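Here is the structure we will look at.
Values in this text are rule-based calculations from the coordinates and carry no lab data. None of the values given here were measured: they were computed from a predicted structure. All Cβ positions, glycine included, derive from the backbone under ideal geometry; neighbour counts span all protein chains shown.
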Amino acid sequence: MATYDVIIKGGRIVDGTGMPRYVGDIGVREGVIAKIGPDLPPQNALEVFDASGLIVAPGNIDPHTHYDAQIHWDPYCTNTGWHGGSTVVVGNCGFGFMPCRAADRERYMLMMANTEQVPLGAMRTALSWDWESYPEWVARMRQLPKGINLASYLPLNSLMIYVMGYEGAKTRGATATERATMRTLLNEAMDHGALGFALSHLNEFNSHKDIDGSPMPTDLMEIEDAYFLADVLRERGQGVIQALVQLPTINNSHVAEELARRSGRPVIHNVIVAFESLPGYHEGILRWLDEMEAKGLNIYTQALAFRTWNEFDADNFTAWAHIEPFHEFTHVGGAADKARLAADPDFRARALKTYDPAEMVSGGGAVETFILHRANGALDWTAHEGETFGEIAKARGRPAIDCFFDVVAQSECRADFRTTDALSWDLGKVGPMMRHKRVLPGTSDGGAHIKFYSGGHFPTDLITWLVREEGIMSLEALHHKLSYLPARVLQLNQRGALLEGHAADLYIYDYDKLGYDSSAYEVVHDLPGGDWRRTVRAQGIALAMVNGEIISRDGVFTGATPGRLLGNAGEELDLRLHSELVALAAE
């Protein structure tokens, strides 16, 4: 009988702990790293993979995704699964599908479509909706084939609507009875593996808007209701809180501070971003993190700090939906309605009057910085493809916003644009931010905004950019931030590092060939019903493994689905709940 299922021979092991890399063998048995050594006998394994000259690293953990729907039709949660991802977390920002009454299913899908731009048709086709409670959702997720691991927060928008009703959740605080019910349901979710709970609290400044344009429940909630739930986590001595509470337009970081104080638990503050137009913004957050640590509060923030972009047509782009004149434009209707509005002289006059480039920081950047990527039928503008609208405006002698809406109208919303100024890629800003001990990389938003954005490539980009090209971080330090640090923050026991006894979640890549195509997103029609999305594939990854099974070779998935639903108490809870599910099925 073979001692190991797989031996990975001679790889350059970057184990995720921050320790220096070394050359060695890894023996995998029954989903776990059983042995790490210099010379494991190859005859003792069912399969041997020669990793000579290649990097062997822990699978990346992404704490901020919205694969809540996509996991139902894409077991590998691509783009994440293409880029060495082994674990994703859903339920972020307070959005999710549980708990949910049957009468509210359509409302929950509409919320996910409007806030995270997950296509409604795909959700209607793929979601089985054979659950109501969090434990029933857990049972469903455990039955669902998964190529990578899944973990989840209890989303507070869902919890509030379930307990208070839609109108109540949108208009008032919880009653004493409702608070008690929410307490019971949070404990129930935690008993069944929830990492904790998640919310956004940005008042009316959040671009996450409901279908009527109004803020979501948690954005206007009586914040004491959230603090009450933080008390529950303190009583349990367990859990993590994700809180989207700060943007350039609003600073509710005091909410994250109080959640950390009341819960005594880790809080992930979202989001830290470096902006060219706001040079001190990210520095203020870093100072605040240091102040919180000095107060004894365990707060981290997650960075949106990798080379990414929006590539969009004006019909499907919603990042600007909270800013005039694009609020009116976004909510007028479908592509034909938008094209007509873009050509309307009265709207154009309003647009010229209300448009303010400075307000567009959180909307993809100023229109002047947008590139006309493809004119797609706007024949009068084809010659300007590849130029920014600032350059186009100068050439045409007209305001950029006027030129932009001309292209939209003439192309009937088919023209494609690309952002250039949404984030700063200044290493003087990004370097100190990414090296800070309380900054987590990521904010991929995987599964969301898929018709204009794709962020699952962030590990590949950070390795190639910050380590290989610029040398401002070591590979060891970056892989620590990509795997072991988020595993520790999220309380994912025995994950995130290549250590004996840890889960065999790893990937193997050619350091010199690692990369992706940054010239344009790839459009693929792989959603339920044949709908499309924009994607970024990885280059240079030889093998990826989850729970000891190989899920991809040279970028091609094997069809294996070894992913698990991970719980807040690690493998012990995972195995206990699995046993309960098996027993339930036997009955």
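Descriptive notes on the structure:
- In terms of surrounding Cβ atoms within a 10 Å radius of their Cβ, 170, 35, 513 rank from fewest to most as 513, 35, 170.
- Karplus-derived 3J(HN,Hα), 6.51/-1.76/1.60, for each residue of the stretch 264-274, Hz, glycine and proline x: x, 10, x, 10, 9, 7, 10, 9, 9, 9, 9
- Annotation: amide H of residue 423 has no partner in the under-5 Å range at sequence separation 5 or more or interchain, hydrogens built in the peptide plane.
- Sites residue 187 and residue 394 - FRET efficiency at Förster radius 60 Å, r taken between beta-carbons, to 0.05: 0.45
- With a cut-off of 14 Å between beta carbons, the residues surrounding residue 290 carry a summed charge of +1, where Lys and Arg count +1 and Asp and Glu -1.
- For residue 271, distant residues with modelled amide H under 5 Å away: 245, 246
- Principal-axis tilt of helix 134-143 within the chain, Cα atoms, nearest 10 degrees: 70 degrees
- Folded to 0 to 90 degrees: helix 281-294 orientation relative to the chain principal axis, Cα: 40 degrees
- Inter-label distance for residue 524 and residue 236, nm, one decimal - labels placed 7 Å from Cα along Cα-to-Cβ: 3.5 nm
- For the stretch 491-542, radius of gyration divided by Kirkwood radius, i.e. Rg to Rh on alpha-carbons: 1.16
- 222 nm mean residue ellipticity, helices alone, for the chain (DSSP H n ≥ 4; -39,500 (n - 2.57); rounded to 500): -9000 deg cm²/dmol
- The amide H of residue 194, built 1.01 Å from its N in the peptide plane, has 568 as neighbours under 5 Å, considering only residues 5 or more places off or on other chains.
- All-pairs Cα distance distribution in the chain, expressed in whole percent, bin size 10 Å: 3, 17, 28, 27, 17, 6, 1, 0
- Ranked by the mean number of other Cβ atoms within 10 Å per residue, highest first, peptides 491-497, 207-213 order as 491-497, 207-213.
- Applying the Karplus relation 6.51 cos²θ - 1.76 cosθ + 1.60 with θ = phi - 60° to the stretch 368-380 yields 3J(HN,Hα) values of 4, 8, 5, 9, 6, 6, 9, 6, 6, x, 7, 4, 5 Hz, where x marks Gly and Pro.
- Residue pairs exceeding 23 angstrom between C-alpha atoms, taken from 9/146; 295/429; 338/451; 451/513; 353/394: 9/146; 295/429; 451/513.
- Taking every Cα-Cα distance in the stretch 18-111 and sorting them into 5 Å bins from zero, the calculated P(r) comes out as 2, 10, 15, 15, 14, 12, 10, 7, 6, 5, 3, 1 percent.
- Normalised by residue count, the stretch 386-491 yields a Cα convex hull volume of 140 Å³ per residue.
- Net charge contributed by nearby residues that have their C-beta within less than 12 Å of residue 184 (K/R +1, D/E -1): -1
- Multiplying the residue separation of residue 52 and residue 354 by 0.36 nm and subtracting their alpha-carbon distance yields 102.8 nm.
- Working note: Cα atoms of the stretch 73-138, range along each principal axis, descending, whole Å: 38, 25, 23.
- Descending by average beta-carbon neighbour count within 10 Å, the peptides 333-341, 271-279 line up as 271-279, 333-341, the highest first.
- Extreme residue, positive dipole direction of the chain, given options 333, 64, 193 (C-beta unit charges): 193
- Protection proxy ranking of 62-70, 42-50, 119-127 - average other beta-carbon atoms within 10 Å, highest first: 62-70, 119-127, 42-50
- In terms of Cα atoms, the Rg and Dmax of the stretch 311-418 work out to 12.2, 32 Å.
- The C-alpha atoms of the chain define a longest principal axis, and helix 400-411 lies at about 80 degrees to it.
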